[in-house]
Amino acid sequence: MYHSIVLVKQVPDTANITGNVMQDDGTVNRAKLPAVFNPEDRVALEMALRVKDQFGGKITAITMGPPRASDMLRECLYMGADQAILVSDRKFAGADTLATSYVLSEAVKKIGGFDFIFGGRQAIDGDTAQVGPQTSEKLHLPQITYLEEILSIEGRTVTARRKIEGGYEVVRCTLPVLVTVIKDAVEPRPFSARRVMSHKGAKSLLEIEKMAEGNSLLYVDQLVHEFESRGLFIKTLTMDDLKLDPERCGVAGSPTKVFKVESVVLSGGGREMVEPTKTGLGKLIDKLMDDHILG
Amino acid sequence: MGTMTSDVWVFIEQRSGKPADVSFELLCKGRKLAHAMGGSLKAVVLGDQMDGVVTETFRFGADEALVIEHPALKQYRTMPYGRILSDLIRIHSPRIVLFGATIIGRDLAPRVASATRSGLTADCTDLQIADVAYLRKEYKNLLLQIRPAFGGNIVATIITPENPVQMATVREGVMEMHPLDGAVAGRVTKIPYVPDPEDELVTIIEQHREENRVNLKAAPIIVAGGYGLGSKGNFKLVYDLAHALGGEVAGSRAAVDAGFVPPERQVGQTGVTVRPKLYIAVGISGAIQHRAGMQESNKIIAINTDPDAPIFGISHYGIVGDATEVVPRFIEVFRNKLK
């Protein structure tokens, strides 16, 4: 029986970025972008599910993000997570990886009693791969990054293969451990139709409040209790819930600042168009041969 | 933290005792940064019996090497390396610490940044020292950390204005690497290794490494394909052309993600940075993400159906046309010329 915490992130779909999503301060207006489940975090959740399938236990998915990240948390429940927690507060906005890892590590401490923390190697919006190791350091845990495969779990020891430059290494580690997985580690399972039916009604506190708004017959506390008892409550943890130091959260807790942002200007000039004909290509190849680049 | 210095540190990465090129590239860049601030350049060397590597760091510009040697440090492991480096940074408070954006660097740097509560910017493509005005305050000699961001659509300059230590990881092959002229010697400062029980939480059981399975960085001719080729079948054209020209095959991130070409052949911000004599981009639109990895190539030829593709903006020769027609024709014409 192992308890796995899975760190997940809802990310803007970086394949669909246009100019107007960038704000003047250099940050990104995420509200203007389609949001998706970070691909490698989905792989991390699958890895946790396989540990649970084999050894039993439970899975807690957590994310730090805006309220709409509940959509992704519901997807975690559809895949098989036992509970989902939204760590959310306006004061978390603008966090860099250091501030994010502080908040996540405190949320993990609050959840407690875990054997594994799984996360994707990196998120497609920043590609930094920093939050995993930074969270691990703050929890004084060992880490296995770039994990390709868990080879065995025996008692309090995990043996795993991880990627290294030009190859791989097999490492053995004492639990608890934080693991980040690479994209090809395992194929994430599709949503279970049964779980979609049973969990599509899962709601966060904010969503329950919205439900109660304008309906005098509904009381938030009562609804929360009802959702909780049916395993459909997406718990929200705020800065106050976690008793966090505001100086270490969000913009205030982020040492790195975006100083400026530029759209890339192409150098242009010097370009010569070549006709895609035999004559055109022949001239180009002659030139490259004369310059000793080809031949 | 001690008092603020103007020193630049470079973490010297070694794999089984063999130093990584990126560490020397960073020493060359680090020397310029240190001079701009009036500080000195220090190489931080962890490993076992590292004399040869230490001498090399002086050849690439280090004024001093901080050396921690012990059999327990022979192979890189997160826990001891992270702990030792964090302790050294707390004691000496360097102004800048640079790491290669390799698997080791990306495992280690965030751990150290977290322990020392420093700012860290990943995957920089350029670093500069400048005086900066930010939020109505003036800062002297800040490190400008320049990196493509958001799928490569923009270039962001990141600063760490209020922190004593500024950290960055830098991609391999981005910075130029050239040794100093003549014999150079630096100061060697040996620091004893004090074991800690946490060091042994993770043990390495076995390691397999194939050196230079694909060596794009050394290839004089590279033919790269993109998502625009449409299918793995069409991507074979890239292999055909590379074979005909005696070049290596590469791909854009989109082509790698689509499974057209294996990840070790990816050129760009999250892949390899190359500067060959000739780079032929086939069906690559040319997001900055990709351009960051190849725009220093001596000659660039772009083949694309879309005349407005950004790749044409940085090419020396542009060919508008369908790769399935242009590439076989190119091969045919080239083969005839060789006869």
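The values are calculated or read from the model by the stated rules, or taken from the named source; none is laboratory data. Since we're looking at a predicted model, the values are computed, not measured. Ideal geometry is used to build each Cβ from the backbone, glycine not excepted, and the neighbour counts take in all protein chains shown.
Things to note:
- Selection of region B:218-241 for residues being under 15 Å from B:L278 (Cα atoms) and touching a helix residue (DSSP H, G or I) at 6+ places or on another chain (Cβ under 8 Å) yields B:I221, B:I222, B:V223, B:A224, B:G225, B:V238, B:L241.
- When A:M197, A:M211 are screened for being under 26 Å from A:F37 (Cβ atoms), at pLDDT 95 or above and among the hydrophobic types (A, V, I, L, M, F, W, C), only A:M197 passes.
Yes/no matrix, rows are residues, columns are (1) assigned by TED's automatic domain parsing to the domain that holds B:A65; (2) at negative phi:
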position: B:E162; (1), (2): yes, yes
position: B:V188; (1), (2): yes, yes
position: B:V238; (1), (2): no, yes
position: B:L241; (1), (2): no, yes
position: B:L245; (1), (2): no, yes
position: B:V256; (1), (2): no, yes
position: B:G268; (1), (2): no, no
position: B:G271; (1), (2): no, yes
position: B:V274; (1), (2): no, yes
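- Long-range neighbours under 8 Å by Cβ, at least six apart or interchain, first residue free of Cβ contacts under 8 Å to residues at least 60 places away in the same chain within region B:230-255, second among the charged types (D, E, K, R): B:A242/B:E248; B:E248/B:R265; B:V249/B:R265; B:A250/B:R265; B:G251/B:R265
- Taking region B:1-115 as the region of interest, the helices (runs of 4 or more DSSP H) fully inside it that hold 3 or more residues being touching a residue at least 60 places away in the same chain (Cβ under 8 Å) and more than 17 Å from B:P192 (Cα to Cα) are B:21-37, B:51-59.
- Residue check, A:R162 facing another protein chain (nearest Cβ under 10 Å), in a strand (DSSP E or B) and surrounded by 19 or more Cβ atoms within 10 Å (Cβ to Cβ): yes
For every residue, the table says whether it meets (1) facing another protein chain (nearest Cβ under 8 Å); (2) within 26 Å of B:P263 (Cα to Cα); (3) buried (at least 23 other Cβ atoms within 10 Å of the Cβ).
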site	(1), (2), (3)
A:A129	yes, yes, yes
A:S136	yes, no, yes
A:L147	no, yes, yes
A:E154	no, no, no
A:V158	no, no, yes
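- Elements of the type helices (runs of 4 or more DSSP H) sitting completely within region B:250-339 and holding at least 1 residues that are farther than 17 Å from B:I221 by Cα, under 23 Å from the mean Cα position of the chain (by Cα) and within 8 Å of chain A (Cβ to nearest Cβ): these cover B:288-291.
- Filter pass, A:A81 being in a loop (DSSP other than H, G, I, E, B), surrounded by 22 or more Cβ atoms within 10 Å (Cβ to Cβ) and at pLDDT 95 or above: yes
- Boolean, B:A130 is of a type in the set (G, A, S), surrounded by fewer than 20 Cβ atoms within 10 Å (Cβ to Cβ) and in a strand (DSSP E or B): yes
- Here B:A244, B:A255 are screened, and the one residue that is farther than 30 Å from B:L338 by Cα, of a type outside the set (D, E) and in contact with a helix residue (DSSP H, G or I) (Cβ under 8 Å, 6 or more places away or on another chain) is B:A255.
- Subset of region A:28-60 (residues that are over 30 Å from A:V251 (Cβ atoms), touching a strand residue (DSSP E or B) at 6+ places or on another chain (Cβ under 6 Å) and not in a helix (DSSP H, G or I)): A:G57, A:K58, A:I59
- Among the residues listed as B:Y134, B:Y139, B:Y193, the single one being in contact (Cβ under 8 Å) with a residue 60 or more places away in the chain, more than 28 Å from B:D306 (Cβ to Cβ) and hydroxyl-bearing (S, T, Y): B:Y193
- Which numbered condition B:Q269 misses (of (1) modelled with pLDDT of 90 or more; (2) buried (at least 24 other Cβ atoms within 10 Å of the Cβ); (3) not hydrophobic (A, V, I, L, M, F, W, C)): (1)
- Region A:117-151: number of residues that are closer than 20 Å to A:Y2 by Cβ and out of contact with any Lys or Arg (no Cβ under 9 Å at 6 or more places or on another chain): 6
- Contact annotation: residue pairs with Cβ atoms under 6 Å, 6 or more positions apart or on different chains, pairing a residue in region A:273-295 that is more than 7 Å from every other protein chain (Cβ to nearest Cβ) with a partner that is of a type in the set (V, I, T), are A:G280/A:V274.
- Some residue of region A:111-120 being under 12 Å from the mean Cα position of the chain (by Cα), within 14 Å of chain B (Cβ to nearest Cβ) and not in a helix (DSSP H, G or I): yes
- Matching residues in region A:165-179 - criterion: being under 30 Å from B:Q266 (Cα atoms), at the interface with chain B (Cβ under 9 Å from one of its Cβ atoms) and at pLDDT 95 or above: A:Y168, A:E169, A:V170, A:V171
Residue-wise test of (1) surrounded by fewer than 24 Cβ atoms within 10 Å (Cβ to Cβ); (2) under 21 Å from B:R147 (Cα atoms); (3) of a type in the set (F, W, Y).
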residue	(1), (2), (3)
A:L77	no, no, no
A:D89	yes, no, no
A:G94	yes, yes, no
A:E106	yes, no, no
A:K109	yes, no, no
A:D115	yes, no, no
A:D125	yes, yes, no
A:G132	no, yes, no
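- Qualifying strands (runs of 3 or more DSSP E) (wholly inside region B:133-179; at least 1 residues being more than 11 Å from every other protein chain (Cβ to nearest Cβ) and surrounded by fewer than 19 Cβ atoms within 10 Å (Cβ to Cβ)): B:137-149
- Annotation note: of A:I234, A:I285, the sole residue that is in contact with a strand residue (DSSP E or B) (Cβ under 9 Å, 6 or more places away or on another chain) and aliphatic (A, V, I, L, M) is A:I234.
- Breaking point among (1) surrounded by 19 or more Cβ atoms within 10 Å (Cβ to Cβ); (2) away from every other protein chain (no Cβ under 14 Å); (3) small (G, A, S), for B:A219: (2)
- Selection count where residues are in contact with a Pro (Cβ under 9 Å, 6 or more places away or on another chain) and either in a strand (DSSP E or B) or more than 8 Å from chain A (Cβ to nearest Cβ) (or both), scope region B:192-216: 8
- Among (1) in contact with a Phe, Trp or Tyr (Cβ under 9 Å, 6 or more places away or on another chain); (2) part of a helix (DSSP H, G or I); (3) free of Cβ contacts under 8 Å to residues at least 40 places away in the same chain - the single one A:T135 does not satisfy: (3)
- Complete set of residues in region B:116-127 that are closer than 26 Å to B:L88 by Cα and outside any strand (DSSP E or B): B:T116, B:R117, B:S118
- Filtered residue count, region B:226-236, keeping only those that are surrounded by fewer than 22 Cβ atoms within 10 Å (Cβ to Cβ) and either assigned to a helix (DSSP H, G or I) or at positive phi (or both): 6
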